[in-house]
Structure formats: structure tokens, C-alpha cells
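See below for the structure under consideration.
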Amino acid sequence: MNLKNQEIKEILTSLTIAYVEDEKKIRENMSKTLNLLCNNCIDFQSAEELLNYYEKNSVHIIITDINLPNMNGIELIKKIREKDEKIPIILLTAYIETQYLFDAIKYKVVEYLPKPIDYETLIQALLKATKDLINNGNYMIKINEKLFFNVLNKELLTIDKEKIPLTPKELKLLNLFIKNKNKIVTYEEIKNQIWENSYEVTESAFKNLINKLRNKISKDSIVNISKIGYRLNIKD
């Protein structure tokens, strides 16, 4: 699929990344960077922690260091590949070793990056991983048990792949919520993103839009945080 980098970056902002690194300082710094690029980065200090989370939750991209205690990055990737052959994986290492390179190819790793990693190298690796995700058709965000959002085509779909029509404003609002899923989006942020002139938005128009979208995706999915804004609750 021929997409521009800007389009791929837009899709990346809607994704969840699982990242494992046992060195605390490196993990904290990398997580901060990743959270600027994607919707959500969940970090772990061991392969076992990531696997436990992965078995019960949805993630779109996995980034792992090779040198981890108990179970190393290659062993982690092997276990992931037993369940999912397509999820993009980026492998990080402080050392370039031939055997690791062979293993990275064997287990279809998107990128094998030497540490320390510079920002531009990380961006390019994530864009490549996102493109792989798109080409494999794995760009669906689960809204609830019955609905999914197609990040690429900006479509709300039922579990049977039936398209639920959305008005332009409803689509903008849903996209805004998804980019900030499980986070509060303030009233002002919603007005500024959805309407050209936020000062002219009436209370009636605002609530009407929220209620229309709620009726299409379920009232429980969009929660009002009194005097602050709204939050889209998604349980992966």
C-alpha cells in the first residue's frame, strides 16, 4: 500500500507500543520519547512482564532489548511468534552479534537497532513497523466487544465488518477520542478540534454531537468527567 510518511505517522499516533528494557533510566527516557510518537507506550522491565500483559491485552508494535534477565529478547520474540507471526517487532542491542542478526531475520524482526538509539533512527524504525502493520491489515482499534475503528480508512465497523456511517464531525470527534483513548479530552480541546470557530459553539450543539456519537458506539464508552471533559474508555 503506497502511503506517504505523514499518513503513516498519523496512524502511528493511534497505536499502542509495548516496550521492554531492564535498565530503569533507559526505559524511562525511551518511554517518554515513545509516548510522544504513539497513542500509548506501555513499558516493562522484563520479558515475563510483557508476555503476561500481551496474553490479555492488545498491542500493535513490540520493542525489546536483547539483553534481559531470565528470558532474553530472542527468547521473548520466539514465544510471541508462536502466537502471532505478523506483529511488528523492533530489536534493540548494545552489541552487534552475528547470531543475533541471524535470529532477527529468522523471527522476522522489522529492525535490529544498535544502542544508543538516536531519534531519527527510532522514527524510521517505527514508520517501517507501522507500514508493516498496515500491509498486514492489523490496523484495527477495538472500541468494545462489538465495534472496531479502522485507523487507515477512518471507518467505524461492527464485528461483522458492517460500516456504521458517521458525519464528518462525529468522525473527527471519534478520531480525537481514539488518539487520546483512556485519557480526558477537555471541553475546549473538543471545541477547538471539531469546530472552525470554537467561540460560536452552543451548549446544545456540543451536547448533541456527543450524544449522537454515544448512541453509535455505546453510552458507556464515552464517559463525562464533570466540569473537565470526556474520556473514551477502551478495554483492549
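The values are calculated or read from the model by the stated rules, or taken from the named source; none is laboratory data. All of these numbers come straight from a predicted model, not from anything done at the bench. Here the Cβ positions follow ideal geometry from the backbone for every residue, glycine too, while neighbour counts run over all protein chains shown. Calculation scope for accessible area: heavy atoms of the full protein, side chains included, ligands and nucleic acids excluded. Shrake-Rupley method; radii C 1.70, N 1.55, O 1.52, S 1.80 Å.
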If you scan segment 35-64, which residues turn out to be more than 19 Å from residue 76 (Cα to Cα) and either in contact (Cβ under 8 Å) with a residue 60 or more places away in the chain or out of contact with any strand residue (DSSP E or B) (no Cβ under 8 Å at 6 or more places or on another chain) (or both)? 36, 37, 38, 39, 40
State whether the residues of segment 53-68 include one that is modelled with pLDDT of 90 or more, acidic (Asp, Glu) and closer than 23 Å to residue 128 by Cα. yes
Taking residue 78 as the residue in question, decide whether it is assigned to a helix (DSSP H, G or I) and either surrounded by fewer than 21 Cβ atoms within 10 Å (Cβ to Cβ) or out of contact with any strand residue (DSSP E or B) (no Cβ under 7 Å at 6 or more places or on another chain) (or both). yes
Could you tell me which of the residues 104, 94 is at negative phi, hydrophobic (A, V, I, L, M, F, W, C) and touching a Leu at 6+ places or on another chain (Cβ under 7 Å)? 104
Going by the structure shown, is residue 227 at positive phi and not in a helix (DSSP H, G or I)? yes
For residue 202, work out the one condition from (1) at pLDDT 90 or above; (2) over 22 Å from the mean Cα position of the chain (by Cα); (3) within 30 Å of residue 41 (Cβ to Cβ) it doesn't fulfil. (3)
Per the filter on segment 148-168, residues out of contact with any helix residue (DSSP H, G or I) (no Cβ under 8 Å at 6 or more places or on another chain), of a type in the set (A, V, I, L, M, F, W, C) and surrounded by 14 or more Cβ atoms within 10 Å (Cβ to Cβ) are 148, 157
Looking for something open to solvent by 80 Å² or more (accessible area, probe 1.4 Å) and not in a helix (DSSP H, G or I) - is there at least one such residue anywhere in segment 126-140? no
Within segment 1-35, take every residue that is over 16 Å from the mean Cα position of the chain (by Cα) and under 19 Å from residue 54 (Cβ atoms) and give me the one that is most open to solvent (accessible area, probe 1.4 Å). 22
Regarding residue 227, is this residue of a type in the set (D, E, K, R), within 21 Å of residue 148 (Cβ to Cβ) and more than 23 Å from the chain's Cα centre (by Cα)? no
Within the group 213, 176, 171, 209, which residue is aliphatic (A, V, I, L, M), out of contact with any Cys (no Cβ under 8 Å at 6 or more places or on another chain), open to solvent by 40 Å² or more (accessible area, probe 1.4 Å) and in a helix (DSSP H, G or I)? 171
